[in-house]
Amino acid sequence: MTNSSDHQSLDRHRFDTLVVRPIEPSERSRWNEEIRTHHYLGFRTMPGESIRYVALLDGEWVALLGWGSAAWSNGHRDRMIGWTIPQRARRLCYLANNLRYLILPKVSLPHLASKVLALCLHRLSSDWENRYGHPVVFVETFVDPSRFAGTCYKAAGFQNLGETQGYRRNAGRYYYHGAVKRIFVRSLRKDALRLLSSPDNLPLFQAKEARVPVKALGKRDIQHLMDDLSRTSDTRKRRGIRHSQISLVATLVCAILSGVCHTRAMAEWAANLSNSLKKRLGFRRHPETKILIAPSEPTLRRTLQSIDIEEVDRVLSGWLKQVLSKCGLGGEVSVLTIDGKAVRGASKAKGGQKIHTLAAFLQNRGIVVAQKNVDEKTNEIPELRALLAPMEISGQIVTADAMHTQTETARFMTEDKKADYVFTVKKNQPTMFEDIKSLPWEAFPPRQIFSTLDKGHGRIERRTLTVSSELKEDFPEFSFPEHQQVFRLERNTSNLDGSHPRTEVVYGVTSLSPQKASPERLLSLVRGHWGIESLHWIRDVVFGEDKSTTRKGSAPVFMTLLRNLAIALLRLSGRKKIAESLRHFSWKASRTLSFLGF
């Protein structure tokens, strides 16, 4: 006979391999079909901000959860929070509703439902912030008492507030259906109610910027990266090879992480390593003296010039996808920014060539997940489709500047890749620009307008974004593929004393419906698009990319890959300050090697 402590030990052991994470883009159709088939409510969609989760036990799907936007009006909840109607309108985004919860058929384990729910709640707020730029602090759900007792919610710390009145809301109106449900709620932090009902008009979470970033990278992940790079093809001539290619690539990565940006300085950095560190990097021994010899500058330079950059880019992109998927950070509604950048120093050097790359930048992590070289004989427009073609971006959002506001590009994203787009519109599309500009923007109601006011760097900047989904009615000939909304963003900037006022107006078009993207969400997406400029600044100022005169073969593009990789490694390991991290590694080479698993 076993006692209660034995049962608890068995339960803990039973769930050792239980993992709850957001689904990957490729799993979305399976998740939808399972819910549609087995959940008593069926399934159509989850409008607005939402995250789909899957629970795996020993690698097998055992449960599914869907979290979405909270109910607009919930009397019991609203009285508990104690907020006003204007406060609710501003802060409802900090609440989430458990819209679907399903233990899959043929799965029967005691305490599984409450365990899965607890694990999901533990990570829900950080996942929401990674995906949408803000956390959630309070959750709710509605339980049909004729079917369920809500036991798992009670076990997970939810509070039963009472019952609904049997109404549902659709298109702003309420309809009586008579199906009364129980209301369960739970705070995700101790001060949630105080924050939600606070009369303070300042941002709800002022400490957001000071939070420690989510750490997504472990030593095993970096070791997998080095293993993948070691399997890339070696294009060097077999005669005269003295160093393995992975040893050379590892040296280049270590040098970049130590703030060394040029091949001659990289060779000097490697030569000054101690014997123990040279051994860890796999440097060869002199056949007679047995002394460990670092690769010379010509050896490193030839490696940069001859390596297959397309193969290396595929390896890096695949590895990043695995890391992000493992942690639920490359999820179904990730936002990709597409932008190009020229390496000016390469073309200025004697005999240099024009180097221009197009990159896909993951907004919520600040890293490049794919890159493509733009040949001199073409431009960014067709290369965008080539860049995104091998990527799985179904259900994701892609932002791009006015150059890419093209019919073929929009159709490629919505029809071929099943993704949404947010494009700016300028006079390179004169008819579309004039149609959008001529809308009566000043007459739109407040619910279609969102404004922010920021102070910093000696300036005051007010941004006002107005959204319209009625362009088809005003301009029936407007036929941009799958467009759902157009928008107008006005930026008013002045010095703190009100002097030197400046106004800039930007127009745009998106395939995101009003249910998927409110004015606040669209403003966040447009502002997030310019986050890639901070990456360009880091590469130019911290890594000295524009001053680099590396110009031959694949070397210029491979160097941009190495810089992007260094930034990704630092950010995924939880380091926010790139320059400070490079100084940290430069003071002691052993730190760099240990960081990379050598």
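The values are calculated or read from the model by the stated rules, or taken from the named source; none is laboratory data. In this text the structure is predicted, and so the values were computed from the model without any measurement. For neighbour counting, all protein chains shown are included, and Cβ atoms are generated from backbone atoms with ideal geometry for every residue, glycine included. The protein model used for the area step is the full one, side chains on, heavy atoms only, and it has no ligands, DNA or RNA in it. Shrake-Rupley method; radii C 1.70, N 1.55, O 1.52, S 1.80 Å.
Data for the structure
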| quantity | calculated |
| --- | --- |
| Of residues in segment 537-595 being among the polar types (S, T, N, Q) and open to solvent by 50 Å² or more (accessible area, probe 1.4 Å), the one nearest to residue 315 (Cα to Cα) | 594 |
| Test: residue in segment 193-202 that is modelled with pLDDT of 90 or more, assigned to a loop (DSSP other than H, G, I, E, B) and open to solvent by less than 50 Å² (accessible area, probe 1.4 Å) | no |
| Count of segment 98-111 residues which are crowded, with 20+ Cβ neighbours inside 10 Å and polar (S, T, N, Q) | 1 |
| Which numbered condition residue 594 fails, given (1) hydroxyl-bearing (Ser, Thr, Tyr); (2) in contact (Cβ under 8 Å) with a residue 60 or more places away in the chain; (3) out of contact with any Cys (no Cβ under 9 Å at 6 or more places or on another chain) | (2) |
| 1 or more residues modelled with pLDDT under 75, crowded, with 17+ Cβ neighbours inside 10 Å and under 22 Å from the mean Cα position of the chain (by Cα): qualifying helices (runs of 4 or more DSSP H) within segment 279-365 | 309-326 |
| From the options 381, 393, residue that is of a type in the set (Val, Ile, Thr), open to solvent by less than 50 Å² (accessible area, probe 1.4 Å), assigned to a loop (DSSP other than H, G, I, E, B) and touching a helix residue (DSSP H, G or I) at 6+ places or on another chain (Cβ under 9 Å) | 393 |
| Selection status of residue 114, open to solvent by less than 80 Å² (accessible area, probe 1.4 Å), touching a helix residue (DSSP H, G or I) at 6+ places or on another chain (Cβ under 6 Å), among the polar types (S, T, N, Q) and modelled with pLDDT of 90 or more | yes |
| Residue list for segment 422-459, filter: among the polar types (S, T, N, Q) and open to solvent by 90 Å² or more (accessible area, probe 1.4 Å) | 431 |
| Long-range neighbours under 9 Å by Cβ, at least six apart or interchain, first residue more than 14 Å from residue 499 (Cα to Cα) and part of a strand (DSSP E or B) within segment 457-470, second of a type in the set (Asp, Glu) and open to solvent by less than 40 Å² (accessible area, probe 1.4 Å) | none |
| Residue list for segment 478-504, filter: open to solvent by 60 Å² or more (accessible area, probe 1.4 Å) and assigned to a strand (DSSP E or B) | 502, 503, 504 |
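Quick grid of which residues meet (1) without any contact (Cβ under 8 Å) to a residue 24 or more places away in the chain; (2) in contact with a Phe, Trp or Tyr (Cβ under 9 Å, 6 or more places away or on another chain):
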position	(1), (2)
247	no, yes
252	no, yes
255	yes, yes
264	no, no
279	yes, no
291	yes, no
295	no, yes
299	no, no
302	no, no
